[in-house]
Amino acid sequence: MTNARTYGDELAVVTVTYSPGETLQRFIDTLDKATERPVRVILADNGSQDGAPQQAAQQHANVEFVPTGGNLGYGGGANRGVAALGPEYGWVVIANPDLEWGAGSLDELIAAAGRWPRGGAFGPLITEPTGEVYPSARLLPSIGRGVGHALFVKIWAGNPWSRAYRQSDSGSGERTAGWLSGSCLLMRREAFDSVDGFDPRYFMYFEDVDLGDRLGKAGWLNVYVPDAEIMHIGGASTSQVSKRMLTEHHRSAYRYLADRYQGLKWAPLRLALKLGLAARAKIQAR
């Protein structure tokens, strides 16, 4: 694993915006308590219509508005945001704009990076506004776990396939995972570069699963750091297009699995997955 570029030790936060509404201001305001380091913030904007990203960039000297040129999806937008950074930024946090940062959360993630020199991605504990912990560090999906989770999670939340996939029994300490939620990731930039960042074919969903898998195959670790805590407060950007997001979720799930079961012998499986996921999407849309 080699990388011709050497990066500095400065920290940047990249967030992908698409009419984020009032949540963006809370994101920026609470970022001040997340780290003692100076932070540059890149707003990789996918075509916001509400003016919130432009206003935030005008009000904060460390915030830069970077139009992506269109709606590239989450991964594509994040890639553009990272590309806007100079080589002095060796640490990049990629995060949703609808987060509230916990005190010292980014400093905790950077401290963990010092304990895990082969760590490429570091993810915090994520809570919902209700206080419920979101399962943000999981095993990579397999056919068995994926089918069991998809079929039973809505009617039997504690089923063994979902528990295994979510690593529900893995304890609450710092540990490695198959993948980490892309809603908040501290990336070692050389690790991000080594796998060419997010795969832009994923418009929304599974781009983080795919990234975690490719990082692991490249020799990096995905590390869950529960001492770092953030809250996902929910945003406006996807709430009005929930049907499309449901379609994208199932489309991305198929792409992820189809990429990993290629060739003629797996053609019947890919067809079954495509039909099954399409049917599931229609049922859930009702």
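The values are calculated or read from the model by the stated rules, or taken from the named source; none is laboratory data. In this text the structure is predicted, and so the values were computed from the model without any measurement. For neighbour counting, all protein chains shown are included, and Cβ atoms are generated from backbone atoms with ideal geometry for every residue, glycine included. To get the accessible areas, we keep the full protein, side chains included, count just its heavy atoms, and leave off ligands, DNA and RNA. Shrake-Rupley method; radii C 1.70, N 1.55, O 1.52, S 1.80 Å.
Would you confirm whether any residue within region 153-162 is open to solvent by 30 Å² or more (accessible area, probe 1.4 Å), assigned to a helix (DSSP H, G or I) and either modelled with pLDDT under 95 or in the same structural domain as Phe27 (by the TED database) (or both)? Scanning region 153-162, I find at least one residue that is open to solvent by 30 Å² or more (accessible area, probe 1.4 Å), assigned to a helix (DSSP H, G or I) and either modelled with pLDDT under 95 or in the same structural domain as Phe27 (by the TED database) (or both), so the answer is yes.
For first residues located in region 65-93 and over 15 Å from Met187 (Cβ atoms), partners that are basic (Lys, Arg) and crowded, with 19+ Cβ neighbours inside 10 Å and lie 6+ apart or on another chain with Cβ distances below 7 Å form the pairs Val66/Arg80; Thr68/Arg80; Leu72/Arg80. Glu229 falls short on exactly one of the conditions (1) closer than 20 Å to Tyr256 by Cβ; (2) open to solvent by 10 Å² or more (accessible area, probe 1.4 Å), and that condition is (1).
Of all the residues that make up region 261-270, how many are out of contact with any helix residue (DSSP H, G or I) (no Cβ under 8 Å at 6 or more places or on another chain) and either assigned to a helix (DSSP H, G or I) or crowded, with 16+ Cβ neighbours inside 10 Å (or both)? Show your work before the answer.
At the first step, the residues of region 261-270 found to be out of contact with any helix residue (DSSP H, G or I) (no Cβ under 8 Å at 6 or more places or on another chain) are 262-268.
With either assigned to a helix (DSSP H, G or I) or crowded, with 16+ Cβ neighbours inside 10 Å (or both) added as a condition, the list becomes 264-268.
So the answer is 5.
Put simply, of Val16, Val92, Val66 the only residue that is within 16 Å of the chain's Cα centre (by Cα), over 15 Å from Pro124 (Cα atoms), at pLDDT 95 or above and not hydroxyl-bearing (Ser, Thr, Tyr) is Val16. Exactly one residue among Ala61, Ala12, Ala57, Ala52 is without any contact (Cβ under 8 Å) to a residue 24 or more places away in the chain and open to solvent by less than 80 Å² (accessible area, probe 1.4 Å), and that residue is Ala57. The residue that is modelled with the highest pLDDT, counting only those in region 197-244 that are of a type in the set (S, T, N, Q) and assigned to a helix (DSSP H, G or I), is Ser242. Of the set (1) surrounded by fewer than 18 Cβ atoms within 10 Å (Cβ to Cβ); (2) more than 23 Å from Leu257 (Cβ to Cβ), all apply to Asp196 but (2).
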